[in-house]
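Quick note: the coordinates plus some simple rules give every number you see, no bench work behind them. As the structure is a computational prediction, the values presented were derived from the model and not from experiment. Neighbour counts run over all protein chains shown; Cβ positions are idealised from the backbone, glycine included.
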Amino acid sequence: MQFVKFGLIGVTNTVLSYAINVIALLSFQRTDMSSNYDYLIAQLVAFVLSVAWSFYWNNKLVFKEESGQRVWWKVLIKTYISYSFTGIFLNSVLSWIWVKLFHISKLVEPLINLVISVPINFLINKFWAFKVE
């Protein structure tokens, strides 16, 4: 059941992240801020906001604290660290590969990254970020 809840939150997180990414890209185009790296900046903005969303709902519904031992801000920091690996490092490298080497659309490449990053995110969150010490 935990994985199902994580998956449902992940779906909303994915939709939110993708929407923020597209809105940021379109905003850059409207303000002449479009560049060779606008997709990376859009990804960073989407990352910061969507991880905050994900932390809130995963903390509340998926990895609920039963014993009162978990310190929320430590879990938040761990969540950002864990998502940084997949959400910034891995997705940035993959985004560069998809856009620059394979010429895949900047609007499509975030969807491709999900296949790799979602399972890794679940495992890191379950066994490290939200683990009660």
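Across the stretch 17-133, how many lysine pairs, 8 or more positions apart or on different chains, have C-alpha atoms separated by under 15 Å? Please give the number.
Taking the stretch 17-133 as the scope, the lysine pair count is 9.
Rounding to the nearest 10 and keeping the result within 0 to 90°, find how far the Cα-based axis of helix 38-57 lies from the longest principal axis of the chain.
20 degrees
Any idea what angle helix 72-83 forms with the longest principal axis of the chain, computed on alpha-carbon atoms, 0 to 90 degrees, nearest 10?
The angle comes out at about 40 degrees.
Would you mind getting the Kirkwood hydrodynamic radius of the chain from its Cα pairs, rounded to one decimal in Å?
Working: mean 1/r = 0.0650 Å⁻¹.
The Cα-based Kirkwood calculation yields 15.4 Å.
With contacts defined as alpha carbon pairs under 8 Å and 6 or more residues apart, what's the relative contact order of the chain in percent?
29 percent
Could you work out the helix-only [θ] at 222 nm for the chain, with each DSSP H run of four or more residues adding -39,500 (n - 2.57) and the total divided by the number of residues, to the nearest 500 deg cm²/dmol? Don't skip to the end; give the middle numbers.
Working: 5 runs with 83 residues, N = 133.
That calculation yields -21000 deg cm²/dmol at 222 nm.
Which of Trp72, Val108, Val22 sits closest to the plus end of the dipole of the chain, meaning its Cα is farthest towards the positive end, when Lys and Arg get +1 and Asp and Glu get -1 on the C-beta?
Trp72
If Lys and Arg each add +1 and Asp and Glu each add -1, what is the summed charge of the other residues whose beta carbon sits under 14 Å from the beta carbon of Lys100?
-1
Report the extension gain between His103 and Asp38 in nm, rounded to one decimal, defined as 0.36 nm multiplied by the number of residues separating them, less their alpha carbon distance. Show your work: numbers first, answer last.
On the way: separation 65, 0.36 × 65 = 23.40 nm, distance 1.52 nm.
Here the segment from His103 to Asp38 would lengthen by 21.9 nm.
Once the Cα atoms of helix 109-124 and of the chain are each reduced to a long axis, what angle between those two axes, in degrees from 0 to 90 to the nearest 10, is obtained?
20 degrees
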